[in-house]
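The values are calculated or read from the model by the stated rules, or taken from the named source; none is laboratory data. None of these values were measured; they are calculated from a predicted model. Because the Cβ atoms are built from the backbone with ideal geometry, glycine has one as well, and the counts that use them run over all protein chains shown. We work out accessible area using only protein heavy atoms, side chains counted, and drop any ligands, DNA or RNA first. Shrake-Rupley method; radii C 1.70, N 1.55, O 1.52, S 1.80 Å.
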Amino acid sequence: VVSMSSSAFKNKTNAVSVSFRESAITEIPSNAFYACTQLSSVVLSSKIVTISSAAFYNCPIQKLTIPSNVDKVGDNALNSVKELIIEDSNTALNIVGTTPAIEKLYLGRDVTSAIVQSSSLGKVQIGPKVTTLPANFFRNCTKLNVAEIPSNVKTIGNYCFYGCSLIKKVTISNSESI
């Protein structure tokens, strides 16, 4: 399979897993797996560069790894993902929208917009390629209680941790300037 149409598997409530590992597909189109309410396992290939709007909307994906070559994730594409791993890369990832269900995040590269805003987020790990935490990035992450900022982060945007009412400890590693 080299391409897929929008809404190709929309509302397929019996689908539990999908793998693109051997696929030549470069884009997961809009609404491709929209409301596949049992879809909990997704494996993306290194060929995928775009995950379009609402591609996995309302899919209770337990853990999703975004490969380093993905450069865009559309609005509401990941709204029900529980654990998100964004692989290390020197290229920024453009993510539109939020991930309100996320509980655990590994951020391996810079992102160009707010994505988290989750009242469920409890654990964050920031990788060595991240230099900027954008404005509002962790806004209203009310379960987040520790903020560990490694030395590779040079900029923390406005209101980055706004509304994170449980943060008790902030560690900013040896950084030239923040």
Peptide ranges 79-91, 11-23 listed from the most packed, as the mean C-beta count within 10 angstrom indicates: 79-91, 11-23
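Hey, what did the chain get for relative contact order, percent, Cα under 8 Å, at least 6 apart? Walk me through the intermediate numbers first.
Working: 576 pairs, mean separation 21.8, N = 178.
Taking the mean separation of contacting Cα pairs over the length of the chain, I get 12 percent.
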Could you please put ARG109, ARG139 in sequence from largest to smallest accessible area, using a 1.4 Å probe? ARG139, ARG109
Could you give me the ³J(HN,Hα) list for segment 38-47, computed from phi with Karplus coefficients 6.51, -1.76, 1.60 and θ = phi - 60°, whole Hz, x at Gly and Pro? 10, 6, 10, 10, 9, 10, 9, 8, 6, 7
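So, counting K/R as plus one and D/E as minus one, what does the shell of residues with Cβ under 15 Å around LYS47 add up to?
Details: positive: ARG21, LYS72; negative: GLU22, GLU27, ASP71, GLU87.
Charge balance in the 15 Å sphere: -2.
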Where a ≥ b ≥ c are the square roots of the eigenvalues of the C-alpha gyration tensor, would you call segment 1-83 rounded, which needs a/c under 1.5, or, failing that, prolate if a/b is larger than b/c, or oblate? rounded
Calc'd 3J(HN,Hα), segment 49-60, phi into Karplus 6.51 cos²θ - 1.76 cosθ + 1.60 (θ = phi - 60°), Hz, glycine/Pro = x, comes to 10, 9, 10, 7, 3, 6, 4, 10, 4, 6, 10, x
What are the ³J(HN,Hα) values, in whole Hz, obtained from phi via the Karplus relation 6.51 cos²θ - 1.76 cosθ + 1.60 with θ = phi - 60°, for each residue of segment 146-159 in sequence order, with x given for Gly and Pro? 9, 10, 10, 9, x, 5, 6, 7, 9, 9, 10, x, 3, 6
Roughly speaking, what is the stretch gain from THR112 to ASN158, that is 0.36 nm per residue apart minus the C-alpha to C-alpha distance, in nm to one decimal? 15.2 nm
What's the ranking of 141-152, 163-174 by average number of surrounding C-beta atoms within 10 Å, highest first? 141-152, 163-174
Computed magnitude of the charge dipole of the chain (debye, nearest 20; Cβ of K, R +1, Cβ of D, E -1): 360 debye
Residue (of LEU144, PRO134, THR99) at the positive-pole extreme of the chain, dipole from beta-carbon charges: LEU144
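Out of the total accessible area of the chain (probe 1.4 Å, heavy atoms of protein only), what percent is carbon and sulfur? Don't skip to the end; give the middle numbers.
Working: 3890 of 8630 Å².
Carbon plus sulfur share of accessible area: 45 percent.
Counting only heavy atoms of protein chains, what accessible area per residue, in Å², does the chain have with a probe of 1.4 Å? Display every interim value, and only then the final one.
On the way: 8630 Å² over 178 residues.
Spelled out: the 1.4 Å probe surface of the chain, per residue, equals 48 Å².
Over 24 Å between C-alpha atoms is what I'm after, so list which of LYS63/LYS168; LYS12/LYS143; LYS47/LYS129; LYS10/LYS47 land there. List each step's numbers first, then the result.
Details: LYS63/LYS168 27 Å; LYS12/LYS143 32 Å; LYS47/LYS129 21 Å; LYS10/LYS47 22 Å.
From the list (LYS63/LYS168; LYS12/LYS143; LYS47/LYS129; LYS10/LYS47), the Cα-Cα distance tops 24 Å for LYS63/LYS168; LYS12/LYS143.
In percent, what relative contact order does segment 44-147 have, based on Cα pairs under 8 Å that are 6 or more apart in sequence?
Normalised by residue count, the contact order of segment 44-147 is 20 percent.
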